[in-house]
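A.B. asks: I'd like to ask you about the structure that follows.
The values are calculated or read from the model by the stated rules, or taken from the named source; none is laboratory data. None of the values given here were measured: they were computed from a predicted structure. When we count neighbours, we look across all protein chains shown, and the Cβ atoms used for this are built from the backbone with ideal geometry, even at glycine. These area figures cover heavy atoms from the full protein model, side chains too; ligands, DNA and RNA do not enter into them. Shrake-Rupley method; radii C 1.70, N 1.55, O 1.52, S 1.80 Å.
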Amino acid sequence: MQVYGLLGNPVGHSLSPPMHEAAYDELDIDARYVTFEPDDVGDAVAGARALGIRGLNVTIPFKETVLDHVEPDDLATRIGAVNTVDLCGEPTGHNTDAEGVRRSFEHHDVDLAGQDAVVVGAGGAARAAAFALADADATVHVANRTVERAESLAADVPEATAGGLDGVQGDVADADVLVNATSVGMEEDRSPVPADALHGDLAVLDAVYRPVETRLLRDAGERGATTIDGAWMLLYQGVAAFELWTGRSAPVERMDAALRRRL
Ligand code: NAP
């Protein structure tokens with residue numbers, strides 16, 4: 001039997017086990033997906049490798065510190081975070097959160113090339129989103145509560161600009177694409193962007209997936225924008241990890257159904 005897993009803390013409410021195990025069921029792969037809350041991520045990677053575990057996802061608080069224990073690919077190096085480790089051979093580190101962002105827009109027929117994008121937030125999800133958008137030839141503006149963090153992220157992303165949240169209304173009014181990569185809206189009815197700034201020419205991705213329909217997405221939908229909920233990003237980061245580990249096409253619809261049933 002193959003074993004895959006997730007390193008993080010806490011991981012008790014993770015949706016990755018049912019999502020990945022639905023894919024194993026669909027494709028008749030004899031595998032399990034297990035969650036772990038290790039004290040030391042380096043020990044965990046070495047132990048997993050010794051035990052023959054094939055692949056690991058990595059989440060808070062280990063996404064950055066795991067970089068010291070794997071060979072990161074170019075994208076993970078630029079983002080500065082790893083969420084997927086391939087343990088077939090020497091451990092390699094990848095960032096499929098960025099792929100999750102890219103494929104979420106692709107699924108909704110949003111062509112990012114040449115678009116003006118605003119990323120709200122400057123943490124891990126924002127870094128993945130900003131690089132995904134820039135790599136797809138969008139122009140990125142980072143808006144964050146702590147302006148210094150926005151500036152630091154924008155300095156790493158080609159042609160990106162930075163600002164605070166006070167200017168976000170004007171930034172969004174002129175934009176084609178908006179990503180909320182803050183935790184604002186998670187299990188609360190709040191939005192990081194004033195409703196008046198939203199318009200029908202926007203495509204809006206909210207990384208928050210609890211609730212699936214956030215205040216931001218509701219406001220954006222009411223103004224005719226294309227709305228993409230955070231479950232798409234979660235799905236496609238998992239799809240990308242599955243495909244990396246197994247070399248097979250993921251059963252996307254089955255994984256999506258398993259995920260959404262639990263949201
Ligand atoms: P993080 O690294 O802790 O970053 C949090 C971000 O939210 C920072 O930019 C922070 O601003 C901002 N923020 C927090 N509270 C705020 C407030 N009250 N007002 C304005 N800004 C606020 O977290 P993360 O890992 O990037 O995750 C961010 C969100 O994305 C979470 O909700 C997470 O669940 C979600 N996420 C979803 C996926 C997915 O697959 N759908 C993947 C990863 C993350 P400061 O810099 O000023 O503190």
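A.B. asks: Which of the numbered conditions does Asp166 fail, given that it passes all the others? Conditions: (1) open to solvent by 70 Å² or more (accessible area, probe 1.4 Å); (2) in contact with a Pro (Cβ under 8 Å, 6 or more places away or on another chain).
C.D. replies: Answer for Asp166: the failing condition is (2).
A.B. asks: Sticking with this one: From Ala150, Ala117, which residue is more than 9 Å from the ligand (Cβ to nearest atom), modelled with pLDDT of 95 or more and either on the phi < 0 side of the Ramachandran plot or open to solvent by less than 20 Å² (accessible area, probe 1.4 Å) (or both)?
C.D. replies: Answer to the check: Ala117.
A.B. asks: Would you mention how many residues in the stretch 133-147 are open to solvent by 10 Å² or more (accessible area, probe 1.4 Å) and either touching a helix residue (DSSP H, G or I) at 6+ places or on another chain (Cβ under 7 Å) or within 8 Å of the ligand (Cβ to nearest atom) (or both)?
C.D. replies: Qualifying residue count, the stretch 133-147: 5.
A.B. asks: Next up: Between Ile53, Ile60, which is farther than 22 Å from Ala231 by Cα and touching a residue at least 40 places away in the same chain (Cβ under 8 Å)?
C.D. replies: Going through Ile53, Ile60 in turn, the sole match is Ile53.
A.B. asks: A follow-up question, please. Somewhere in the stretch 179-189, is a residue more than 9 Å from the ligand (Cβ to nearest atom), within 18 Å of the chain's Cα centre (by Cα) and surrounded by 15 or more Cβ atoms within 10 Å (Cβ to Cβ)?
C.D. replies: yes
A.B. asks: To continue, here is another question. Can you name the condition, by its number, that Glu106 falls short on among (1) more than 23 Å from Phe62 (Cα to Cα); (2) open to solvent by 30 Å² or more (accessible area, probe 1.4 Å); (3) touching a residue at least 24 places away in the same chain (Cβ under 8 Å); (4) touching a helix residue (DSSP H, G or I) at 6+ places or on another chain (Cβ under 9 Å)?
C.D. replies: (3)
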